[in-house]
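The values are calculated or read from the model by the stated rules, or taken from the named source; none is laboratory data. These numbers come from a predicted model, not from an experiment. Ideal geometry is used to build each Cβ from the backbone, glycine not excepted, and the neighbour counts take in all protein chains shown.
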Amino acid sequence: MDTEAIREYLPRFAEAFLLTVRIGWMGIGLSLVIGIAGAFILHYRVPVLKGLTKGYIELFRNTPLLVQLFFIYFGLPKLGVMISPEVCGFVGLGLLGGSYMAESFRSGLEAVPGIQSESALSLGMNRRQIFFYVVLPQAFAVSSPSVVANVIFLLKETSVFSAISLMDLMFTAKDLIGLYYRTTECLTLLVVFYVIMLLPVSIVGRVLEKKVRSGYSHG
Amino acid sequence: MGDVITGLGFDVLWKGSNWLRLLGGLLTALEISLFSVLISLAAGSLLGVLMSLNKKAIDIFSKLYLEIIRIMPQMVLLFIVYFGAARAWGLNFSPETASVIVFSLWGTAEMSDLVRGSLQSIPKAQYESSAALGMSTAKTYIYVIIPQMIRRTLPGTINLITRMIKTTSLVMMIGIVEVLKVGQQIIEANRKSSPNAAFGVFATIFLLYFLACWPISCLSRYLEKKAV
């Protein structure tokens, strides 16, 4: 292991790390929005939209992100939809994640007993208030372990961004290996940065899961 | 209709043997998944049973193994085995071998956790009742525990197959000519005659993957409902 080389590569890896984390978390943000909207549509059986949402979830849950990105990045421009690699990564991850998040939130919504909505209704709350103040917080608590699992999954999926020439961690590692053939150093840095990205989330996930299991959701 | 198909670049699929080539590429990826799934099933079941025995050494090893494999993206593992092993120990795997190694390591980790979970969910009374009936440990496992274990792990296992198929799309990144790579070749070859081929080809691959995974997902969901 050549520490000199590591010191030399560190700035490039740090830059790539920031890019990966930024697009990764932006994509996760988008996936949360899509997921909540999708779960709402499925749970309250909104006509027409329900069928579309179901189709979207099945389509994106049963195809790899790499294929989705290729379609968005290379296929869609032929229809006149031109986007940069960064936007493509963000949108692709958001769409993939949205399909997983929707399922998580939906099962969370289903776990909230009907009597909660009925009680809120009898207290004079309107539908919007019931959803945002009564149902959603409880659904969140129930689905939080699976949401965190999805977040970890999505952060790991960012590793395919290099296929659409985003200068992420994978791209940088491959590039530097090709240039200097310092394979061991580059792979070590790659692993270290992925651990930095994923370990905190993984720990949060475990804590949350323990809390939910020990009856936090019924509190 | 014909104009639309040509305009969107679906026409290249009917040129020469392009359909067959594309399906052949998908088959390459599916083959790697199949091998990896079979190895994962065997190794994962074994490891899962060992993990449920609560032996300290096995626990430490399996925990470490699961944590390391699960926190690393499969893409990184692929790079480590394909590029790193060659550099560090002079092990020159073919891309296919490297992929099967990585996906088996990952699948084994996932499978062992499924098996461990289902074994631990089987009540202790089952073992005790079997012993009270005079069954040997082997018989207890064969007639009482394993049949229940299989029923409980089946949905997760089938789900693992679809995850494996989706993950094998990564192998193009280490130079295996699978469906995405074949698609790129077709697009390149027809750049002049069919400039919009990228849309048609990648939309088709999107659909092919969906058709490969969706029925399996449905089966997994059906079994899950039945098991509950």
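Couple of notes before you dig in:
- Looking only at residues in the stretch B:100-157 that are in contact with a helix residue (DSSP H, G or I) (Cβ under 7 Å, 6 or more places away or on another chain) and of a type in the set (Lys, Arg), the one that is surrounded by the most Cβ atoms within 10 Å (Cβ to Cβ) is B:116.
- Helices (runs of 4 or more DSSP H) wholly inside the stretch A:62-176 containing at least 3 residues that are within 14 Å of chain B (Cβ to nearest Cβ): A:65-70, A:85-111, A:136-157
- Options B:139, B:166, B:192, B:181; residue that is assigned to a helix (DSSP H, G or I), among the basic types (Lys, Arg) and more than 14 Å from chain A (Cβ to nearest Cβ): B:139
- Across the stretch B:58-95, the qualifying residues are those that are facing chain A (nearest Cβ under 9 Å) and small (Gly, Ala, Ser), and the one among them that is surrounded by the fewest Cβ atoms within 10 Å (Cβ to Cβ) is B:88.
- Members of the stretch B:46-57 found to be surrounded by 13 or more Cβ atoms within 10 Å (Cβ to Cβ) and part of a loop (DSSP other than H, G, I, E, B), listed by number: B:52
- Residue, nearest to residue A:154 (Cα to Cα), within the stretch B:82-105, restricted to residues that are more than 17 Å from the chain's Cα centre (by Cα) and modelled with pLDDT of 90 or more: B:82
- Odd one out for residue B:202, checked against (1) over 16 Å from residue B:23 (Cβ atoms); (2) in a helix (DSSP H, G or I); (3) of a type outside the set (A, V, I, L, M): (1)
- Residue among A:12, A:22 that is in contact with a helix residue (DSSP H, G or I) (Cβ under 7 Å, 6 or more places away or on another chain) and assigned to a helix (DSSP H, G or I): A:12
- Selection count, the stretch A:181-212, where residues are within 9 Å of chain B (Cβ to nearest Cβ) and aliphatic (A, V, I, L, M): 6
- Residue under evaluation residue B:31, criteria (1) acidic (Asp, Glu); (2) over 24 Å from residue B:98 (Cβ atoms); (3) at pLDDT 90 or above, criterion not met: (2)
- Residue-level check: of (1) away from chain B (no Cβ under 14 Å); (2) not in a helix (DSSP H, G or I), residue A:1 misses just (1).
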